[in-house]
Structures are given as C-alpha cells and as structure tokens.
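Working notes, structure below.
We did not get these values from a lab; they are worked out from the coordinates using the rules stated. This one's a predicted model, so the numbers in the text were calculated from it and none came from an experiment. In this analysis, Cβ positions are derived from the backbone assuming ideal geometry, glycine residues included, and neighbour counts consider all displayed protein chains.
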Amino acid sequence: MSVRLTAATAEHFAQLIAGEALTDGTALAATPVAEAEVLAMLAEVADVVGRRFSPAAWLMISRDDVVGLLSITEVVEVGVVQIGYGVAPGSRGHGHAADAVAALLEWARGDGRLHAIVAETRTDNIASQRVLERNGFARIGERLDEEDGDLFCWRAEL
C-alpha cells in the first residue's frame, strides 16, 4: 500500500493551510493538497461532521509526505457516511487515492458503526470513478448538483 491514513486534527488543517510541515515532522507534498480556501472549507466540514462521527478526516501519507486528504463529508443516515478525497496534483497517478479508500474501507469494516459508504464523482472524472470501482463501489445512480454539475452516485456495502 502506498499510503497510510492518519486522523486529521484541527492543528493539521491549520498547518496545511499555512503550508507548514506537520509538528510530527511529516512534510508536505511538492504541490499543495489544495488551495488554502479549499483546505479551510474542508476543516470546517471535518469540524461539523466530527460532532456526529469521528474521525471525520484523514491525511494521506506516502513515505513521510502528506499527499492528500480523505474526508467524511456527510453522515447520510445511521451507519452510512459519504466520503470525498483529493490528492495533491504533483502526487497524482501513483495509486494514493485508491490505497487510501482501501484503507478506509478496511478501517470501517472493523469499526462496527458503519454498514455502507457512499461517494459521488463528476461524470467526467474517470480517475475518481476508477478509484471507487477498484474498491468495490457500485454505481447506484446519477444526480445534478448546482455547483458540481452531473454526478455519478456510488455505494460500497461493508
């Protein structure tokens, strides 16, 4: 597996936003995981979701670099959460997202609070669709989102 997941804290998000290495010595990827505004939004989502389900976000770490984030974006219903993930542009194409989703599924199967995980991808985001397919997600529908456009809806039973 090319990545390990580490639960992301508010301090981690602050360090990512500031473009600083983490206090444990973990470095940042050559390119930022996301822009500061996006990271701030993800920190807020993690805070809100974290009040209902924790952990709510994880750092994707490859070797000793933060190469991405994986987050629970919503508690859909009891036992079902929605996830989202992103990999720093300079770290894409190395299987980090697929490995991170696999690690999350393994964790969720042992956690006992969840029976399914859902996700959405833009219809034109083939790479993200492949990540979910490789990890056993089934496409269960489509929807139109005002902000993101046409989306495929995915679900993995645990």
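Laid out as a table, the results:
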quantity: Number of positions in segment 49-95 that are in contact with a Leu (Cβ under 9 Å, 6 or more places away or on another chain), assigned to a loop (DSSP other than H, G, I, E, B), of a type in the set (A, V, I, L, M) and within 17 Å of W107 (Cβ to Cβ); calculated: 0
quantity: Residue within segment 106-126 that is surrounded by 13 or more Cβ atoms within 10 Å (Cβ to Cβ), closer than 29 Å to A21 by Cα and among the aliphatic types (A, V, I, L, M) present; calculated: yes
quantity: Condition check for D65: touching a residue at least 60 places away in the same chain (Cβ under 8 Å) and surrounded by fewer than 22 Cβ atoms within 10 Å (Cβ to Cβ); calculated: no
quantity: Residue in segment 93-105 that is surrounded by the most Cβ atoms within 10 Å (Cβ to Cβ), counting only those that are within 13 Å of the chain's Cα centre (by Cα) and not small (G, A, S); calculated: V101
quantity: Residue among L22, L5 that is part of a strand (DSSP E or B), of a type outside the set (V, I, T) and either exposed (fewer than 13 other Cβ atoms within 10 Å of the Cβ) or touching a residue at least 40 places away in the same chain (Cβ under 8 Å) (or both); calculated: L5
quantity: Search result, residues across segment 29-62 that are in contact (Cβ under 8 Å) with a residue 60 or more places away in the chain and over 15 Å from the mean Cα position of the chain (by Cα); calculated: A29, A30, T31
quantity: Residue tally, condition under 15 Å from Y85 (Cα atoms) and either in contact with a strand residue (DSSP E or B) (Cβ under 6 Å, 6 or more places away or on another chain) or exposed (fewer than 13 other Cβ atoms within 10 Å of the Cβ) (or both), over segment 128-147; calculated: 4
